[in-house]
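Have a look at the structure below before the remarks.
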């Protein structure tokens, strides 16, 4: 992001760099590169954008779009498989870190001014102080080096013992290092560690899930006041979205379930119950409206199937489930756990489903490129809506690979008549695309 927050630059494996308006999301410019850019940065005044690929440095003048390109030469390179990292100072100079080398460049003339090598292993993070006088680098050798920016004189050596990302505080007086287990704050002058915050799975489940990239099913209550998450180690948490306070925490299955085996978490329509679908074919239910005993589900139903998704009827009497890669839907009685109906008709995997507001119908979408509407009581198909290839561009949530429709999330509108599909809508009674 540019320093003033007005523009966002992004790079992609399609060998492009794109510049966006951060307030409205409009694409402002697109630039081609020789390879996929690995690292990008704005200059302090926003007049230049730099991108590094494995072999070249690209600099664009913004907004004119004129560009320069220079090859990267790394003395410690053992090939060009190492990813370069780039940072701009407040003037015309920028720094490129690649392999173990720190290279200073002048963006006006494209000249590599200086190269220093101090770390014994690959560099993974770099930051410049706000006044450009200092540079901090972090390496796979599990150290941080604080140095004078241009002379390269080493000021402080920090032994952090793990891979970290680094940053300066806005006033330049503190350093921040973040690993997968903790955040540390350091004093730039003395090198002393001022504070350490360790991530704990139960205290910071959302942050823990993000950092460790665990498959973390997540769900909001309809009024968006609470959030449920399963970080991936056998517990379900509920948080108040306004205060961030944790309001619920319970064990799911005695620690038996790994991250990928906890398929889905969802709230009931009235927000009083939270349901967790598991790979062993069970749904665990907690009633949030009453006092609960920690680590104890209010009820447990055995469905003997690998549950991938759950939808609640608004009248809170039934649930609809789908299996992983399954073509059928199953309607169950919420209080009894009995199978009430099996909805058969899709010829490929169902990707999403929902109840109508009056609970009388269920809508589903499948990779067979159809939307189907079902009678939720009798289980028979009421309507079949074919999504032709011409409809695909209007469905903003479809991910397309060639001409194949892969995914679309759908739901009934509040009036029960329209099924939103991105920018267009199906009239669910006449089955016309409006």
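What FRET efficiency do you get for residue 68 and residue 174 if R0 is 51 Å and r is their Cβ-Cβ distance, rounded to the nearest 0.05? Calculated value: 0.90.
Estimate the FRET efficiency between residue 287 and residue 8 by the formula 1/(1 + (r/R0)^6), using the beta-carbon distance for r and 51 Å for R0, to the nearest 0.05.
0.75
In this simple spin-label approximation, residue 181 and residue 386 carry label points 7 Å from Cα along the Cα→Cβ vector, and these lie 5.9 nm apart.
The calculated FRET efficiency for residue 23 paired with residue 45, based on their beta-carbon distance and R0 = 22 Å, is about 0.70.
Distances between every pair of Cα atoms in the range 7-198, grouped in 10 Å steps from 0 to the bin holding the largest one, split as 9, 36, 35, 18, 2 percent. Of interest is the spacing of the C-alpha centroids, which for the range 318-381 and the range 1-74 amounts to 46 Å. Between residue 35 and residue 122, full extension at 0.36 nm per residue minus the direct alpha carbon distance yields a gain of 29.2 nm.
Quick note: the coordinates plus some simple rules give every number you see, no bench work behind them. Just so you know, these numbers come straight off a predicted model, no measurement behind them. We place every Cβ from the backbone using ideal geometry, glycine too, and count neighbours over all the protein chains shown.
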